[in-house]
Every structure is written in C-alpha cells, then in structure tokens.
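Single-structure report; data block below.
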Amino acid sequence: MKIFSTIVLAVAAVQQALAHYRFLGINGSGDYDYIRLYQNYYSNGPISNVTSTDIRCNLGAATTTGTLTVAAGSTATFSVYTSIGHPGPLLWYMAKAPSGTVNGWDGSGNVWFKIGQTGATFSGGAMSWPSSGLTSVSIKIPSSLPSGEYLLRVEHIALHVRPILSSLQPSH
C-alpha cells in the first residue's frame, strides 16, 4: 500500500549562513511556491544565532505557503541559487503538523526529527564536503512516514569562518 504525505517546505529556515546561496524551489517548482517566504528572501544573509526561533523557517517566515503532495519513499529535490559555495554539512529535518495542517503553524515545539545528513568525507588524508558546489540537493522521504502534513527543512551549515557559540551560521 502506498502512503502519501503532504509536505510543506520550510526550506528557508536559516538561509545561507553567509554562504551566498538559497534553496528556492522543490521538484521543479517555481521559486517559493512551496517554500515559506521570509523577510530577507532577497538576501543571502544567515541566521547566525542557532538559539533563535528563526532557525526553524528563517527570519520572520510566513506561516502559510502552497503544499506539495509527495509520496513517502520518494525523493524531494531542492534547487540551489547559485550553488553551495562553502564547506559544511547538509542536514534534513521534518516536523509533522500537530493540528493536521501546516498552514498557520510556525514549526514550534519539540517536533523536529532528522531524516538525513551529508557530512565530510576523508580520503588519502584529505577532507572534502560532498555538498560543495551543488546546484540541487535531494533527500529520500522515509518510506515509513505516516500520512499527514509536514514541514521539511534543509539546512547547510557553512564552516568557512571560525564558529562562535550560538553562531554556527546554518543555511536553510
């Protein structure tokens, strides 16, 4: 039996950590069709305080957007403007809407769970980051995910400057 899940993308949640890129569309959609528009959408500026509630969906993000039906077990692919230009891990999180709909919900609460990550690779004594230079990023939605509406968040943590406590420069 196929399970379908409606996913609303909160992809803009910690945009570009001074990384000069943004996640704009999913599965070939237009910019911000399914990604919550946020106050600094025209900027590549980061959410540098990882204790801020803006970490969820970016600075002053709208709580409504279009919803996209995605089958559990299928792949979600985000377009990146222009490309991921700094070293760092790529992480993916989801949160199921507690009231059944993501529209009007800001992603608050202890509801986020990680569905994937891409970290550093090591070969011949050298470290590299597989996400560097990508113009699109993809994640497989867990096939066991129960039906419902979810926020899906992609986050890239740019490690090109010295980290400061509560300022790791994540990008969503």
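Taking residue 82, is it closer than 20 Å to residue 159 by Cα, among the β-branched types (Val, Ile, Thr), modelled with pLDDT of 70 or more and open to solvent by 40 Å² or more (accessible area, probe 1.4 Å)?
yes
I need a count of the residues in the range 118-154 that are farther than 23 Å from residue 65 by Cα and of a type in the set (Lys, Arg).
0
So, in the range 44-72, how many residues would count as being on the phi > 0 side of the Ramachandran plot and at pLDDT below 60?
1
Looking at (1) within 20 Å of residue 156 (Cα to Cα); (2) at pLDDT below 90; (3) open to solvent by 40 Å² or more (accessible area, probe 1.4 Å); (4) polar (S, T, N, Q), which is the one condition that is false for residue 117?
(2)
Quick test of your reading of the structure: residue 75 fulfils all but one of (1) surrounded by 14 or more Cβ atoms within 10 Å (Cβ to Cβ); (2) more than 19 Å from residue 129 (Cβ to Cβ); (3) modelled with pLDDT of 85 or more. Name the failing condition by number.
Result: residue 75 passes all but (1).
Taking the range 85-114 as the search range and keeping residues that are surrounded by 15 or more Cβ atoms within 10 Å (Cβ to Cβ) and in contact with a helix residue (DSSP H, G or I) (Cβ under 9 Å, 6 or more places away or on another chain), which one is farthest from residue 153 (Cα to Cα)?
106
The values are calculated or read from the model by the stated rules, or taken from the named source; none is laboratory data. What you see is a predicted model; the values in this text were computed from it and never measured. Note: ideal-geometry Cβ built from the backbone for every residue, glycine included; neighbour counts use all protein chains shown. Areas reflect the complete protein model, heavy atoms only, side chains present, ligands, DNA and RNA absent. Shrake-Rupley method; radii C 1.70, N 1.55, O 1.52, S 1.80 Å.
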